[in-house]
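Okay, structure first, notes after.
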Amino acid sequence: MGRLAMVAALVAMAGCVPSTPLVPGPGAAVVAGRPTLAQGEFDGVKVFLDTGAWTGSPADLVSLVTPLLVTVENNSGHKLDVRYKDFQLGTPSGFRAAALPPFQIQRSPYVVSQPYYPWAGFYVAPPYSPFYPWATPWSGPYLWDGGYYNSYYPYWQAPLPSHDMIERALPEGFLDDKGRVQGFVYFQRLQRMMGTVDFTEAVIDAADEKQLGTVEIPLQFK
């Protein structure tokens, strides 16, 4: 194959893999040199959101759901409760997309052999201990929200969630002050006609389960 033909083939192959439909929107604090990476903060809780970080299988995941790589850094002086129900995508029309749980707690667990994204000062919620046998579990009180899983896990259709999606997912658990945790949060696929989208995370104090505030990052379709 000639050089020009090879380049053309590579371009065609690249065109088959969808790029992220969402990017940081007007008013977002974009990290220099990283056009898909934005950050938001509330009272010492800093959240980084990368809309274009998915590189696993399936390669076309962005055409099926909305995968967002979320990093939470906690310098609030509080221990935080991190759960999927506290993440949302919302539109000006009032539409709300909830985070889709990638784990099915009730079945025989898939074991994550090692952290794909290392964390610090993070304790996995008790139902996740079989998935992360090497991780330190949370030993304090924990209220399991089975209703959330019953409502949103059925959204998945085989073969999703994939091995890579589970391995790279943000786990639910508790984050110490000075702690850090990272992983993908998955939402249903949004339609371009929805226009602008706001990503929000409710900041929840682990001591009393009260909301301290909200981190918000504006997004838009490319």
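The values are calculated or read from the model by the stated rules, or taken from the named source; none is laboratory data. Fair warning: this is a prediction, and the values are worked out from it, not measured in the lab. Glycine gets a Cβ as well: all are built from the backbone with ideal geometry, and neighbour counts include every protein chain shown. All accessible areas refer to the heavy atoms of the entire protein, side chains included, with ligands and DNA or RNA removed. Shrake-Rupley method; radii C 1.70, N 1.55, O 1.52, S 1.80 Å.
Highest mean first, how do 156-166, 142-152, 78-88 rank when packing is the count of other Cβ atoms within 10 Å averaged over residues?
Details: 156-166: 14.6, 142-152: 13.1, 78-88: 21.1.
Answer by packing, highest mean first, reads 78-88, 156-166, 142-152.
If the elastic network links every pair of Cα atoms under 10 Å, which of Ala38, Ala29, Ala207 fluctuates the most in the Gaussian network model of the chain?
Ala207
Only loop residues by DSSP count here, and only those with at most 16 other Cβ atoms within 10 Å; note down the GluC sites (Glu not before Pro) in segment 163-222 that meet that. Don't jump to the answer; show the numbers that get you there.
Details: sites: Glu167, Glu172, Glu201, Glu209, Glu216; in loops: Glu172, Glu209.
Qualifying residues, ordered by number: Glu209.
Considering the values (i) 19; (ii) 45; (iii) 36, which represents percent of Cα pairs over 32 Å apart as calculated for the structure under consideration?
(i)
Could you let me know the centre-to-centre spacing of segment 145-222 and segment 72-87, using Cα atoms, in angstrom?
12 Å
Could you tell me the relative contact order of the chain? Use alpha-carbon pairs under 8 Å, at least six residues apart, and round to a whole percent.
Across the chain, relative contact order equals 30 percent.
Over all distinct Cα pairs, what is the inverse of the mean 1/r for segment 33-133, reported as the Kirkwood hydrodynamic radius in Å?
Over segment 33-133, the inverse of the mean reciprocal pair distance is 16.1 Å.
Indicate the gyration tensor shape class of segment 100-171 (rounded, prolate or oblate), computed on the Cα atoms with a ≥ b ≥ c the square roots of the eigenvalues: a/c under 1.5 is rounded; otherwise a/b larger than b/c is prolate and the rest oblate.
Taking the square roots of the gyration eigenvalues as a ≥ b ≥ c, segment 100-171 is oblate.
So if I place +1 on the C-beta of Lys and Arg and -1 on the C-beta of Asp and Glu, and nothing else carries charge, what would the dipole magnitude of the chain be about its Cα centre? I want it in debye, nearest 20. Before the final figure, lay out the partial values.
Numbers: 15 positive and 19 negative charges, 150 e Å.
Dipole size: approximately 720 debye.
How large is the accessible surface per residue of segment 165-222, computed with a 1.4 Å probe and reported in Å² as a whole number?
Using a 1.4 Å probe on heavy atoms only, each residue of segment 165-222 averages 41 Å².
Name the residue from Pro35, Ile204, Trp138 whose Cα lies farthest towards the positive end of the charge dipole of the chain, charges +1 on Cβ of Lys and Arg and -1 on Cβ of Asp and Glu.
It is Pro35, whose Cα lies furthest towards the positive end.
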